[in-house]
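Heads up, the thing below is written out as structure tokens.
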Amino acid sequence: LFHRWAEDAREVLATGAAAEAADAGKPPPDLVFTRSHCPACGHQLRWWENVPLASWLALRGRCSACRTPISVQYPLVEALTAVLTVAVVWRYGLTWTTVVALVFTWTLVAAAVIDLRTQYLFDELTLPLLWLGLLAAAAGLTRP
């Protein structure tokens, strides 16, 4: 059974995002420890270039180093996340349930955007979310 599963996994990975990354000669992106950077030139963003919505507007939607246009996807996702954050805080108030719900909301927004673009969900997002959900449920923080 395990051997069959391993074969299936190899087949899927050989045609998915991992194969594309391997073909490009670079590892899959590190979602946790890699600093934000320009996808075109690799310029690492300074703190003031990484302020949600405001930075994109201040830079007029372009990288400060190479002047390449930055996708409108970034401010749209930031705006959606802000709206969802307000909705969660409005619904639960200032409680520990709000903290858990915000972490879930932010992670699910990131996962949804990544999934739309790559059709691949990274373990760096899904596994911590799984454990947070289990721990939050055990602590009684998932009840409204």
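The values are calculated or read from the model by the stated rules, or taken from the named source; none is laboratory data. Computed from a predicted structure; not experimentally measured. Cβ atoms come from the backbone with ideal geometry, glycine included; neighbour counts cover every protein chain shown.
Going by what's in this entry, would Leu80 be described as assigned to a helix (DSSP H, G or I) and modelled with pLDDT of 85 or more?
It is true that Leu80 is assigned to a helix (DSSP H, G or I) and modelled with pLDDT of 85 or more.
Just wondering, is there one or more residues in the range 107-126 that are farther than 22 Å from Gln73 by Cβ, surrounded by 13 or more Cβ atoms within 10 Å (Cβ to Cβ) and not hydroxyl-bearing (Ser, Thr, Tyr)?
Within the range 107-126, none of the residues are farther than 22 Å from Gln73 by Cβ, surrounded by 13 or more Cβ atoms within 10 Å (Cβ to Cβ) and not hydroxyl-bearing (Ser, Thr, Tyr).
Among residues belonging to the range 34-77 that are part of a loop (DSSP other than H, G, I, E, B) and of a type in the set (Lys, Arg), point out the one that is farthest from Thr107 (Cα to Cα).
Only one residue fits best here, namely Arg67.
Would you tally the residues in the range 54-79 being exposed (fewer than 14 other Cβ atoms within 10 Å of the Cβ) and either under 19 Å from the mean Cα position of the chain (by Cα) or within 18 Å of Ala112 (Cα to Cα) (or both)?
Of the residues in the range 54-79, 5 are exposed (fewer than 14 other Cβ atoms within 10 Å of the Cβ) and either under 19 Å from the mean Cα position of the chain (by Cα) or within 18 Å of Ala112 (Cα to Cα) (or both).
Here's the yes/no breakdown for (1) small (Gly, Ala, Ser); (2) touching a residue at least 40 places away in the same chain (Cβ under 8 Å); (3) in contact with a strand residue (DSSP E or B) (Cβ under 9 Å, 6 or more places away or on another chain):
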| site | (1), (2), (3) |
| --- | --- |
| Arg62 | no, no, yes |
| Arg67 | no, no, no |
| Val103 | no, no, no |
| Ala112 | yes, no, no |
| Leu129 | no, no, no |
| Gly140 | yes, no, no |
| Arg143 | no, yes, no |
